[in-house]
Amino acid sequence: GYMPLRDDYEVEYLQDAEALISGLAVNYDDEDVDIELKRAHVDMYVRKLRERQRRKNMARDYGLVPAFLGKERKEKALKRKVTKEEKELRVKLRPLCQFMSCKEFEDCFDNLHKERALRAKIRELQRYRRNGIAKTEESAEYEAAKHKREKRKEMKNSAGAKRGKDDGGKEAGAEFNSMENLPGFDLLSDRETALT
């Protein structure tokens with residue numbers, strides 16, 4: 001079992017690794033061959049300890065122990081839901097996993113996600129600028145007006161579809177003619193008159 005307070009296991013990887021050096025004793029009358037044999041045993045023991053530590057670090061870095069014990073399920077439930085775009089991005093970045101630790105990969109993914117959000121915000125701000133909005137306070141008013149325009153278009157399209165082609169064409173022409181008589185119509189550009 002795993003002992004979380006000690007960050008240790010009851011049964012370690014290569015549990016009998018200590019048996020390699022448990023019987024070693026340094027004597028002054030040992031021959032060179034015996035000393036080299038003992039050094040080889042110590043070297044094998046050190047390699048096994050390094051492999052044991054590498055496996056512990058990997059389990060810690062990738063969060064395998066809490067996932068195995070089921071302690072991380074509650075924390076994951078609190079996190080936001082993963083979107084389809086995020087899943088696709090994770091699949092694209094999967095080959096990078098072998099070159100990064102779990103934490104580095106999560107940081108990289110979070111940074112890419114933030115970058116996408118920032119790019120979307122920049123596009124939105126550029127759209128505001130193209131439409132003549134210079135302050136963020138004006139953007140709410142612009143969005144409300146845009147929403148109203150879109151609703152009007154939808155209602156106009158749905159009403160036009162209900163009336164029929166002949167009826168709708170006559171009324172639209174009459175509406176345009178009535179706009180021609182309004183003051184300031186002659187100040188509109190060709191592009192603006194095409195929109196009306």
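Here are the numbers for this structure:
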item	result
Search result, residues across region 1-18 that are assigned to a helix (DSSP H, G or I) and surrounded by 11 or more Cβ atoms within 10 Å (Cβ to Cβ)	Gln15, Ala17, Glu18
Some residue of region 158-165 being out of contact with any His (no Cβ under 8 Å at 6 or more places or on another chain), at pLDDT 80 or above and not acidic (Asp, Glu)	yes
Unmet requirement for Arg94, which otherwise passes all of (1) modelled with pLDDT of 80 or more; (2) surrounded by 12 or more Cβ atoms within 10 Å (Cβ to Cβ); (3) basic (Lys, Arg)	(2)
Tabulated pairs, region 28-43, first free of Cβ contacts under 8 Å to residues at least 60 places away in the same chain and surrounded by 11 or more Cβ atoms within 10 Å (Cβ to Cβ), second assigned to a helix (DSSP H, G or I) and of a type outside the set (Val, Ile, Thr), C-beta under 6 angstrom, 6+ apart or interchain	His41/Leu20
Residue selected from region 97-138 under the condition in contact (Cβ under 8 Å) with a residue 12 or more places away in the chain and more than 15 Å from Glu85 (Cβ to Cβ), by the criterion surrounded by the most Cβ atoms within 10 Å (Cβ to Cβ)	Phe105
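The values are calculated or read from the model by the stated rules, or taken from the named source; none is laboratory data. From a predicted model like this one, the values you see are computed outputs, not experimental measurements. Methodologically, a virtual Cβ is constructed for each residue, glycine included, from the backbone with ideal geometry; neighbour enumeration extends over all protein chains shown.
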